[in-house]
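> Take this structure first; my questions come after.
Read-outs: derived from the displayed coordinates by stated rules, not from any lab. Quick caveat: nothing in here was measured; it's all calculated off a predicted structure. So basically every Cβ, Gly included, is an ideal-geometry build from the backbone, and we count neighbours across all protein chains shown.
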Amino acid sequence: MYLINGDIDSKFAIYSGSDDYLTYVIIGGMLSIFSVSMMMNVSRALITEWREGTLEALLLSPSSRSGYFLGNAVQQLYRSGAELLVVLFFGLLAGLRLPSVHFISLLVGILLFLLSCYAMALVLGSIMLYTRDTFIVQNTLFTITALLCGFQFPRQYLPDYLQAIGEIFPLTYALQLLRGTLLTGESRLIDALPIILLSVVYITVGQWTNRRIERGLFERF
Amino acid sequence: MNLHSLWFTLSAEITKQHRNRVKGRAVFFSLLLWPALTFLTTYFTMQPFRTGAGSALSKVIPDGRIPLFLLSGYLVFQLYWTVVQAAWLFEQERKGGTLEVVFLTPASKMAFLYGRSIYSLFHGIWMFACFSILTFIFLADATTVNWGALLPVLVLIMISAVIWGALLCAISLFSRDSGLIYYIFQAPMELFGGVRIPPAVFPAWATGLSLLFPLTYSLVLVRGALYDNIGISWWWALGALIVGSSCLVICTRYLLVRAEQHARVKGNWTLF
């Protein structure tokens, strides 16, 4: 009823590999909520420390910065995971139907999705720290990813140049891979390559810029 | 209370809001960039649905007019959303301690509430203009527009939005947590008001909810004028909006008096 009687055009099945529109959007909605909550909380970690006055102590301690972010991500994982279970429950009630999914590809898909959220959160966090702003930075990124990454509709409907812009986010590929696994039960692990490459680039850039911004943080203020 | 002092209070509140709320970049992002991107996302979300002759969508949206349908939806939604923000920001008034000052002065409290709401509307009006231009770029056939109906309807909708905003501000007088307003009126108003999904395909309970928002009637009026499809339901929506808005003015007045009494009983020396 809400989905206009499921009257879907023929291109949808070609683009998505399935004609189950309802499952397609429910998976997209779940992963969208999950990724936003993961990225938001990991990226806000350092600026929250700065606002609360504990950043100085953190920077003075000899602790590993990667360990700090990974710890944050793990803590966020079970919080977002609980959210995900609730959404999954309502998704199943609303008509989510998953085919028999290959367990290992699903696990790989989930891990790569987490990796890409983590990588993007590192870069997002350093932009937040640099601009001293969370509201504008995070909301702008989330409205852009909602449009470009293909959470709600197959990306092939976008004009070419918007599709190309969407490809700079590891999240786009990770979403494609994980959704493919969930929706059609099949996935090609070769698709994991761009996710890993882009994530490595994002993590490297994120760590490097974080270090530089931290160094300048106390000199500027 | 004479007209001069009403005007004085109104303009003072508008000036105060202006000084508080114009803060550079944030305005550009929250009023133009995010709504525009969200609009595009919604447009592409509608793409997988079949639109040709005989499709389910063509029964509720005139053929090939999806961009116009969505744009008119967003346009009117943004008008109502700008005034929701006035109420949403109401908690600053309490936290800043300025609310009790307003209550202690002999200024008209109704003028104070309407001042907030009017400013919020004008704060977003330049964005409204940008969206309107977009509407007419997407609108291939301007000849079907009933201009004689559209322009007065737009004025009526702005008045109704201001009244709606003042009512929400009056509701905010009862609680410190005006963030609640945001959760009630962002997604539910957009979903049930018929911004993206035509109310004609709603189940009965959702139609019932949609009738609570003046946005729903406003959309019927604007879309009717844009498609020059003015029938009996259009006149009903017009009547409902005028009568409803008049009732909301009385409700605002009532809530204001109750909120003031409530504050006197529950507050301490600092009122809130």
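> Given the convex hull over the Cα atoms of segment A:107-164, what projected area results after averaging over all orientations, in nm²?
On the way: hull surface 19.7 nm².
Spelled out: convex hull of the Cα atoms, projected over all directions, averaged, 4.9 nm².
> Label-point separation (nm) for B:Ser11 and A:Leu88, each offset 7 Å from Cα along Cα-to-Cβ?
Taking the simple label geometry, B:Ser11 and A:Leu88 are separated by 6.2 nm.
> Over all directions, how big on average is the projection of the convex hull of the alpha-carbon atoms in segment B:145-192, in square nanometres?
On the way: hull surface 16.9 nm².
Result: a mean projected hull area of 4.2 nm².
> Go from 0 up to the bin containing the longest alpha carbon distance in chain A, width 5 Å each, and give me the % of pairs per bin.
With 5 Å bins starting at 0, P(r) equals 1, 7, 13, 18, 19, 15, 11, 7, 5, 3, 1, 0, 0.
> May I pose another question? Along the three principal axes, how long is chain B when you take its alpha carbons, biggest first, rounded to the nearest angstrom?
68, 40, 34
> Now for a different question. Viscosity 0.890 mPa s, temperature 25 °C: Stokes-Einstein D of the protein assembly as shown from its Kirkwood Cα radius, in µm² per second?
Answer, rounded: 97 µm²/s.
> Now a separate question. So what is the relative contact order for chain A, in percent, with contacts set as C-alpha pairs under 8 Å and at least six apart? Numbers along the way, then the final one.
On the way: 219 pairs, mean separation 64.9, N = 221.
It comes to 29 percent, rounded to a whole number.
> Tell me the label-point distance for the pair B:Val265, A:Ile33, using the 7 Å Cα-to-Cβ offset, in nm and rounded to one decimal.
3.9
> Next question. Add +1 for every Lys or Arg and -1 for every Asp or Glu among the other residues with Cβ under 11 Å from the Cβ of A:Ser16, and state the total.
+1
> Ok, one more. So what are the ³J(HN,Hα) numbers for segment B:167-173, from phi and the Karplus equation (6.51, -1.76, 1.60; θ = phi - 60°), rounded to whole Hz, Gly and Pro as x?
5, 5, 4, 5, 5, 5, 5
> With r as the distance between the Cβ atoms of A:Asp19 and B:Arg21 and R0 = 41 Å, compute the FRET efficiency 1/(1 + (r/R0)^6) and round to 0.05. Before the final figure, lay out each step's value.
Numbers: r = 48 Å, r/R0 = 1.17.
The pair B:Arg21/A:Asp19 has a calculated efficiency of 0.30.
> With r defined as the distance between the Cβ atoms of A:Val201 and A:Glu52 and R0 fixed at 51 Å, what FRET efficiency is calculated, to the nearest 0.05? All intermediate terms of the calculation are to be shown ahead of the outcome.
On the way: r = 31 Å, r/R0 = 0.60.
With a Förster radius of 51 Å, E is 0.95.
> Right, something else. Using the Karplus curve 6.51 cos²θ - 1.76 cosθ + 1.60 with θ = phi - 60°, work out ³J(HN,Hα) for each residue of segment A:191-200 in order, rounded to whole Hz, and write x for Gly and Pro.
Working through the residues one at a time gives 5, 6, 4, x, 5, 5, 4, 5, 5, 4 Hz.
> Search the structure for amide H atoms under 5 Å from the amide H of A:Ile8, placed 1.01 Å from N in the peptide plane, and list their residues when 5 or more places away or on another chain.
B:Arg50
> Considering chain B as a Gaussian network with a 10 Å cut-off on Cα pairs, which listed residue, B:Leu221, B:Leu241, B:Leu212, attains the greatest mean-square fluctuation?
Most flexible of the set in this elastic network: B:Leu212.
> Just to check I understand the Karplus step: with θ = phi - 60° and J = 6.51 cos²θ - 1.76 cosθ + 1.60, what whole-Hz values come out for segment B:244-250, glycine and proline as x?
Taking θ as phi minus 60°, the curve returns x, 5, 4, 5, 5, 4, 5 Hz for segment B:244-250.
> Can you give me the distance in nm between label points at A:Gln75 and A:Arg212, each placed 7 Å from the Cα along the Cα-to-Cβ direction?
2.8
> Summing Lys, Arg as +1 and Asp, Glu as -1, what charge do residues with Cβ under 13 Å from the Cβ of B:Val76 carry, B:Val76 excluded? Intermediate values should be presented prior to the final figure.
Numbers: positive: B:Arg196, B:Arg223; negative: B:Glu190.
Once positives and negatives cancel, what remains is +1.
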